[in-house]
Amino acid sequence: MSIKHILIVFGLLLSTSVNSQNKQILFGFAEMPNTLMVNPGAETNFRYHGGIPALSGFSFNLGASEGKLSDLFLIDNTPINTKFENLTNKLTNRDFLSFNMQIDILNGGYRLDEKTYLSFGMYQEVDFIGYYPKDVVELLYYGNQPFINKTVHFSDLKFRGEVLGVIHAGLSYKLNKKLNVGGRFKLYSGSLHISSKNNGGTFNTDLGVNNIYRHNLSNINIKSNSSGFFDAEENLNVGIKDAIGNTFLSKNIGIGVDLGFTYHYSPQIEFTGSILDVGFVSYSKNNSNLTVIGDHQFDGVNLLYDSNNTDYWAQLDSDFKTNVPRETNTDSYISWRPIKLNGAVRYSFGRARINKECYDETYKEYYNNSVGLQLYAITRPLSTQIAATVFLEKNISENFHAKFTYTVDDFSMSNVGVGISTQMGIFQMYGMIGNVLKLSDLTEAKTASVQFGFNLIFD
């Protein structure tokens, strides 16, 4: 496969990236047990619950910060290379591809007393983000001849990926009639990890003295960490089966916490907020860390006959390794989890005909409708990513709820989402779809999402 084909695949990945960190429809929706995963201080009003294994919670979002599938695959007789070049011309070093997916393996909860609800479970998570290194991609794709005297910055190389399992337990506690708080402790087990950031150095080509061009590598400082990809003999040894199978059996252990609250300013005005995944994973098993540091200047290869030196390429390689040495080690390192922040304000109206008795022997006033604003942020290698959502939630009946959202984020300025939650006896299910306005033609969408889950609820 040529470099051009590899870069075309990269462009495809960039235009179909996946990100499920922001669960804007699920946050604060219908007092479902799953909302405890995005706000451990959410209120609950049931005795206990149990999620159906591997189906109690699953979600993913497809999105691209720039570009669409149709940019590459629209049937219009335009060559694929031309389409790729048009797409890359639109991209900047702030565009990114990302992937995040969570699957609940086990999710349950039990009311300890009238004020305290215990929830627990385990899930698998895959998370990756890589920023588009525009200078490097153009250098590889076009070569350096069209970019004489242009500087290529290696600081654009930023990426982070992780596959891990999480075992967790949390408490939601009602302090008083107005305030409910909660916390969740997490034990991380890292299966795979790779990251590189805070890189530096430049490459540029100018007119040479001993040859036509002179190539300059200046202040090169590139570092990367990885775990789980190589065995003890430094052989690449990773498979999907092993990666998933080791998520709860790894020796790469970490801890984290979630905190959250729900505050009723008045019966109709509610504030909620949470901070998630404040923690780290210590990687010590099957590590392979790379460091490249140095400076080098060369004028290419002068093919002059010298009976004492005919191996020009070996000399060039030796000079490069001397001036820009490459070192590897298996040292342990710590990876901090991406921290997520959620906050919302809600105004409820249209009081329901009946109030529902709570476990502290009070009655909570339920309203048929509510509107509000949600804010979301996540720490990322380049900068914090932020999203804003306005929503309308409607209780169609006591056991059937709907939520409509409008979200503005890095992927779209017009993402409309719909979620429903229903309960029949002890069986509860929910489903959520994002960017519904683009469902008729997903190739024109920059983002699309699906979330669903099944629970058994015992009042």
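The values are calculated or read from the model by the stated rules, or taken from the named source; none is laboratory data. Predicted model, so just to flag it, every value in this text is computed and none were measured. All Cβ positions, even for glycine, are placed from backbone atoms using ideal geometry, and neighbour counts span all protein chains on display. We work out accessible area using only protein heavy atoms, side chains counted, and drop any ligands, DNA or RNA first. Shrake-Rupley method; radii C 1.70, N 1.55, O 1.52, S 1.80 Å.
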Hey, with R₀ at 41 Å, roughly what FRET efficiency would Asn176 and Ser332 work out to, going by the Cβ-Cβ distance, to 0.05? 0.35
For Lys90 and Leu290, FRET efficiency with R0 = 45 Å and r from the beta-carbon atoms, rounded to 0.05? 0.90
Can you grab the distance from the C-alpha centre of the range 85-117 to the C-alpha centre of the range 148-168, Å, no decimals? 18 Å
Can you give the FRET efficiency to the nearest 0.05 for Ser155 and Asp319, using r as the Cβ-Cβ distance and R₀ = 22 Å? 0.35
Around Ile103, what is the net charge, scoring Lys/Arg as +1 and Asp/Glu as -1 over all other residues with Cβ under 13 Å from its Cβ? -3
Kindly rank 371-379, 110-118 from highest to lowest mean number of other beta carbons found within 10 Å of each residue. 371-379, 110-118
Here the range 103-118 yields Karplus 3J(HN,Hα) values (6.51, -1.76, 1.60; θ = phi - 60°; whole Hz; Gly and Pro given as x) of 10, 6, 7, 8, 8, x, x, 8, 7, 7, 7, 5, 10, 10, 10, 9
Check Tyr333: other-chain or 5+ apart residues with amide H under 5 Å from its amide H, H built from backbone geometry? Tyr283
Suppose every K and R has +1 on its Cβ and every D and E has -1 on its Cβ; what is the size of the dipole of the range 102-232 about the Cα centre, in Debye to the nearest 20? 620 debye
Would you please put 428-437, 328-337 in order of how densely packed they are, using the mean number of other Cβ atoms within 10 angstrom per residue and starting with the highest? 428-437, 328-337
So with the 1.4 Å probe, I'd like the accessible area per residue for the range 131-231, rounded to whole Å². 44 Å²
Sorted by chain and then number, the residues having a modelled amide H within less than 5 Å of the amide H of Arg214, at least 5 places away or on another chain, are Asp206, Leu207, Gly208
Enumerate the amide H contacts of Lys150 below 5 Å, restricted to partners 5 or more residues apart or on another chain; note that Pro and chain-start residues carry no placed amide H. Thr205
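Roughly speaking, to the nearest percent, how much of the range 139-187's 1.4 Å accessible area is carbon and sulfur?
67 percent
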Looking at Val181, Val166, Gln145, which one has the Cα that reaches farthest to the positive end of the dipole of the range 137-195 (charges on Cβ: Lys, Arg +1; Asp, Glu -1)? Val181
Let me check I've understood the local charge: for Arg160, count other residues with C-beta under 9 angstrom from its C-beta, Lys and Arg +1, Asp and Glu -1. What total comes out? +1
